[in-house]
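Chemist: Sharing a structure with you now.
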Amino acid sequence: MTIENPWKILDSRFIYENAWIRVREDAVLNPAGKDGIYTTVHFKNKALGIVPVDNEGYTWLVGQYRYPLHEYSWEIPMGGGKIGIDILESAKRELLEETGITAQTWSMVARVHTSNSVTDEEGFVYLAQNLAFGESEPEETEVLKVRKVLLSEAVEMCMRNEITDSISVIGLMKVAKLLGV
């Protein structure tokens, strides 16, 4: 079903940009016909999350301090994939980088918009199976802890609000449902 856009853009300008985001401010007529301003954050990468699951039902979580939240966060392995580069290849790179894990079998389980009232960020979540283990290769900005837990325990962590990252919650819940956990 196609629905007409009720917003009318009168003017648009970029007000901030760095290596990861661009912020655009639009002068608009809102759906009620009144003047307003709408600001959108445009991400320069696709968000990627990976739920690695082994034959015994274990998954791996990555813990790190998240600067914008000023708190520690347990998450699925995740990162950004440059636009124009194959999303799956970027997901494979992120899994190896953060955990040292490679996988033979990959399935995309979700396409998400992380906070669609203020950003156009698009994310993808993959299930990775048939795993092999090596050394992680974290970026210089990442001080990571890797934790192996049963997939069912990771779901319980979501239910107890111990995992709050949206891509992680969506990925873990969808994978658990798909695998019958």
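Chemist: Could you check the stretch 124-145 and list, in sequence order, the residues that are part of a loop (DSSP other than H, G, I, E, B) and surrounded by 12 or more Cβ atoms within 10 Å (Cβ to Cβ)? Don't jump to the end; show me each part of the working.
Modeler: So the first thing to find is which residues in the stretch 124-145 are part of a loop (DSSP other than H, G, I, E, B), and the list is 134-144.
Answer for the stretch 124-145, where residues must be part of a loop (DSSP other than H, G, I, E, B) and surrounded by 12 or more Cβ atoms within 10 Å (Cβ to Cβ): S136, E137, P138, E142, L144.
Chemist: OK, next. Tell me, yes or no, whether the stretch 82-103 has at least one residue that is surrounded by fewer than 16 Cβ atoms within 10 Å (Cβ to Cβ), assigned to a strand (DSSP E or B), at pLDDT below 95 and not polar (S, T, N, Q).
Modeler: The answer is yes; a qualifying residue exists.
Chemist: For the stretch 13-41, give me each residue that is surrounded by 14 or more Cβ atoms within 10 Å (Cβ to Cβ) and either in contact with a Ser or Thr (Cβ under 8 Å, 6 or more places away or on another chain) or among the acidic types (D, E) (or both).
Modeler: Once the filter is applied, which keeps residues that are surrounded by 14 or more Cβ atoms within 10 Å (Cβ to Cβ) and either in contact with a Ser or Thr (Cβ under 8 Å, 6 or more places away or on another chain) or among the acidic types (D, E) (or both), the stretch 13-41 yields V23, R24, E25, D26, A27, T40, V41.
Chemist: With a cut-off of at least 2 residues that are among the aromatic types (F, W, Y), name the strands (runs of 3 or more DSSP E) lying wholly within the stretch 1-61.
Modeler: Ranges flagged: 8-17, 35-43.
Chemist: Here's something else I'd like to know. For S166, which of the numbered conditions (1) in contact with a Ser or Thr (Cβ under 6 Å, 6 or more places away or on another chain); (2) buried (at least 19 other Cβ atoms within 10 Å of the Cβ); (3) closer than 30 Å to N30 by Cβ fails to hold?
Modeler: Here S166 meets the rest and fails (2).
Chemist: Which residue out of V149, V109, V143 is assigned by TED's automatic domain parsing to the domain that holds I83, under 16 Å from the mean Cα position of the chain (by Cα) and not basic (K, R)? Give the steps one after another, and end with the answer.
Modeler: Values: V149 fails: under 16 Å from the mean Cα position of the chain (by Cα); V143 fails: under 16 Å from the mean Cα position of the chain (by Cα).
Checking each option against the conditions leaves just V109.
Chemist: So which of K148, K174 is surrounded by 16 or more Cβ atoms within 10 Å (Cβ to Cβ) and among the charged types (D, E, K, R)?
Modeler: Exactly one residue qualifies, and that residue is K174.
Chemist: Please tell me if L69 is modelled with pLDDT of 95 or more, within 30 Å of L144 (Cβ to Cβ) and aliphatic (A, V, I, L, M).
Modeler: Values: modelled with pLDDT of 95 or more: no; within 30 Å of L144 (Cβ to Cβ): yes; aliphatic (A, V, I, L, M): yes.
No; evaluated as a whole, the condition is false for this residue.
Chemist: When you look at A128, is it over 26 Å from H42 (Cα atoms) and out of contact with any Asp or Glu (no Cβ under 9 Å at 6 or more places or on another chain), yes or no? It would help to see each step written out before you state the result.
Modeler: Details: over 26 Å from H42 (Cα atoms): yes; out of contact with any Asp or Glu (no Cβ under 9 Å at 6 or more places or on another chain): yes.
Here the answer is yes, as A128 does meet what is asked.
Chemist: Still on this structure: Could you give every pair whose Cβ atoms fall below 8 Å, whose first residue belongs to the stretch 1-29 and is without any contact (Cβ under 8 Å) to a residue 12 or more places away in the chain and charged (D, E, K, R), and whose second residue is surrounded by 12 or more Cβ atoms within 10 Å (Cβ to Cβ) and part of a strand (DSSP E or B), counting only separations of at least 6 or pairs across chains?
Modeler: Filtered contacts from the stretch 1-29: E17/V23.
The values are calculated or read from the model by the stated rules, or taken from the named source; none is laboratory data. In this text, all values refer to a predicted model and were calculated from it rather than measured experimentally. Cβ: placed from backbone, ideal geometry, glycine included. Neighbour counts: every protein chain shown.
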